[in-house]
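The next block holds one structure in the form of structure tokens; read it before the comments.
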Amino acid sequence: MNGKVTTDHLRRNAYLYVRQSSLHQVNDNRESTARQYDLRRRAQALGWKDEQIVIIDEDLGLSGTSGSPRSGFQRLVAQVGLGYAGVVMGLEVSRFARSSTDWHRLLEICALADTLILDEDGIYDPSYFNDRLLLGLKGTMSEAEMHVLKARLLGGQINKARRGELWLKPPIGYIYDCLQQMVLDPDEQIRRTVQLVFETFRRIGSAEGVVRHFAAEGILFPRRLSTGPRAGEVVFVPLEHSRVLQLLHNPRYAGAYVYGRTRQHKVIVGTSARYRKLPREEWKVFIPKNHPGYISWEEFESNQAKLLANAAGYGWDRRKSPAREGVALLQGIVVCGRCGRRMRVQYHTQKGRRIPTYICVREAIQKGVPACQIILGTGVDETVSQAALEAVTPSSVDLALEVFEELRARKAEIDRLHHAQVERARQEAEFAQRQYMLVRPENRLVADTLERKWNEKLRKLAEAEQEYNRASKSDAYTVSSEDKQRIQSLVTDLPRVWNDPRTPPRERKRMLRLLVEDVTLVREKVIQIKIRWKGGATTQMERPLPLNAADLRRTPEATVEMVRALTTEQTDAQMAKTLNARRLRTGTGMVFTATSVKRIRLAYGIESLVEHLRRLGWLTATEIASLLHVHPATAKRFAKEGVLRAVRADDRGQILYEPLQGPLPRGHQGKRYRDRCVYPKLATHIRNEVQ
């Protein structure tokens, strides 16, 4: 018996830990596995009974770089910590762990529980300094060995990838030729189906829209099996959203050879490791135009920008709500352009009218921060309404009919794909028939199997033909001249129904949702409005910000300019009459008065008629009388008789006189009052005679 093994160790169990790094090693390196199992003889030789030896081999095929996903290693550590293990056995240190963290944690627990460690070289007691030092060096060397091997292998891969010669699994739609060059798949159905994915995304601009289009048209997408007995075979299955994203995000479809675009440091989340994608500038290898592409590199970058813009459009907060009774036209389809969430509607009453306001408060509710955006809805609703009515015009209807003809051409392409599916099913049925016909009659079991396979292929052929006939009948509709006239008549009916005050708001919303998918709003210096139509097209518009409370009560700029022009000729009262005659109103909606006009002048620094004339040199009555050396009343009489030009410059009757030009008028000397006679005097030389 070894001197380190005591009776206390022998009373506890002996745990044998068996591990291989991959399933390939389990299948091919069987001798190494046998050597690990053979360590139980060492335990028996040291004194442990056969029933005390516990073998933990559930980690076969798992890497030892981390202990979190290895349930066997975790169970071993737990048994040691509970004091059930007298010895822990492994062929070498690298079998336990390739990470110094996991290895030293096991050593610490073994030292605390007085558990021995046994490998092919000997037996160790972690509580002894020398044994612990030796085991620690072995663990460090095991980790370093793993690092060197990994660096050597990765270095060779990267060096080969930089030349574009590293073999990578070709995506669907590509194969390797005899010269190991990646070329387009010669199968026309596979090639056309992949091309249709990119054409549909180019037209719709949404990965989900591509999936809906394939599902509506009944088009299946090819998939090459990589595992199982049918590895390498191509099957056609319904297109999924994840598959569309894989195609759109894969730069190899743009003809580029890339390597290392998803390699990143591991981020341990629970029991799984996640890898974050690297930005393009950090890709290890990028060789453009390395092989034929389905799209150009410029289109690939455009697709990435579209996908990034669409990413914020999918989430629980972007779900639509049904049209309701409120007057908010965009209720349920308005989206915040900053955070990507759906905006809510609030109403307030102004002068007896319900005014909608679109508000994004999801972040404010969750975190107590200010609302993301608050946008008054009246102006936005009017802009969107106008855009919707303009979209349904005679020219747009004619354009829609042209688009319909283009859609017919696309339907023809889809029909060819359906026909290719039928032809493939017919070829598979004929191949199964030939296999059945070539089997010998005495091989009944084989014949029965081939017969069932033949019947299965015939059933699939019948389904494919039935689906093809159904799609052909549904797509056979054409637009007649009568249909075109009925469609064009809707152009005049829609604005009439839309503007009819008897049309309920809910019906307007339903009509709008037939045309518009959603509306995105961004409030900055102006309100940016982005309308996404049902067909995938977008329209961007801008609208000025709504006026605040002060601006709402402020006199319009045009009215102010009119006051500025009239003040050189009219008094405040006269200007009020002129403005009212032109049906203009103040900022508060009231008629103009001399006082309101005066307030406008004072607010905008506009001089009055008196100030204007005085600045031009016009004189008051006192000043003109002093200049003429007459009484002010005489000056007024001169103005009344037309000798002087004068105007009433304000509403109090103040008179201003034009500056004198030419010879000055003169006043005549009059008599004193007492010298004036009311009756003429009689002549003294006339006698009073009676005739």
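Each value in this text was obtained by applying a stated rule to the coordinates, not by laboratory testing. Just so it is clear, the structure is predicted and the values come from calculations on it, not from any experiment. Here the Cβ positions follow ideal geometry from the backbone for every residue, glycine too, while neighbour counts run over all protein chains shown.
Based on the mean of other Cβ atoms within 10 Å per residue, sort peptides 511-517, 539-545 so the most packed one is first. Numbers along the way, then the final one.
Details: 511-517: 16.9, 539-545: 13.0.
Ranking, from highest mean packing down: 511-517, 539-545.
If the chain between Leu166 and Glu542 were fully stretched, how many nm would it gain, using 0.36 nm times the residue separation less the Cα-Cα distance?
Numbers: separation 376, 0.36 × 376 = 135.36 nm, distance 5.15 nm.
Gain on extension, Leu166 to Glu542, equals 130.2 nm.
Want the number for Arg202 to Leu179: 0.36 nm per residue separation, take away the alpha-carbon distance, what's left?
Working: separation 23, 0.36 × 23 = 8.28 nm, distance 3.31 nm.
Length gained, Arg202 through Leu179: 5.0 nm.
If you average the alpha carbon positions of segment 107-182 and of segment 33-52, how far apart do those two centres end up, in angstrom?
Measuring centre to centre over Cα atoms gives 27 Å.
Of the trypsin sites (Lys or Arg not before Pro) in segment 153-253, which ones lie in a loop per DSSP and count no more than 14 other C-beta atoms within 10 Å? If you can, show how the numbers build up before the last one.
Working: sites: Lys160, Arg162, Arg163, Arg191, Arg192, Arg202, Arg203, Arg212, Arg223, Arg224, Arg230, Arg243, Arg252; in loops: Arg163, Arg230.
Of the trypsin sites (Lys or Arg not before Pro), the ones in loops of segment 153-253 whose Cβ has at most 14 other Cβ atoms within 10 Å are Arg163, Arg230.
Among Lys169/Lys453; Lys284/Lys306; Lys169/Lys460; Lys150/Lys277; Lys277/Lys411, which pairs are too far apart, with a Cα-Cα distance over 32 Å? Provide the component values of the computation, followed by the final result.
Values: Lys169/Lys453 30 Å; Lys284/Lys306 25 Å; Lys169/Lys460 30 Å; Lys150/Lys277 21 Å; Lys277/Lys411 38 Å.
Over 32 Å apart, Cα to Cα: Lys277/Lys411.
Below 8 Å between Cα atoms, with a sequence gap of 6+, how large is the relative contact order for segment 7-160 in percent? Before the final figure, lay out the partial values.
Values: 236 pairs, mean separation 37.0, N = 154.
Value for segment 7-160: 24 percent.
Sketch the reach of a paramagnetic label on Ser302 as a point 7 Å from Cα along Cα-to-Cβ, and name the residues of segment 245-262 whose backbone nitrogen lies under 20 Å away.
Answer for this model: 245-256.
Could you compute the FRET efficiency for His147 and Glu188, with r as their C-beta to C-beta distance and R0 at 35 Å, rounded to 0.05?
Values: r = 49 Å, r/R0 = 1.39.
Efficiency computed from Cβ-Cβ geometry: 0.10.
Once you have a ≥ b ≥ c as the square roots of the Cα gyration tensor eigenvalues for segment 550-606, tell me rounded if a/c is under 1.5, and otherwise prolate or oblate according to whether a/b is larger than b/c. The partial results should precede the final answer.
On the way: a/c = 1.63, a/b = 1.23, b/c = 1.32.
Verdict is oblate for segment 550-606.
Over segment 174-311, what is the percentage of antiparallel beta bridges among all DSSP beta bridges, to the nearest 5?
On the way: 14 of 14 bridges.
Counting only bridges with both partners in segment 174-311, antiparallel ones make up about 100 percent.
Which distance in nm do the two modelled labels at Asp651 and Glu611 give, with both placed 7 Å along the Cα-to-Cβ direction?
It works out to 1.7 nm between the two label points.
What does DSSP give for segment 7-160 in terms of the percent of beta bridges that are antiparallel, rounded to the nearest 5? Could you put the intermediate results ahead of the total?
Numbers: 2 of 13 bridges.
Close to 15 percent.
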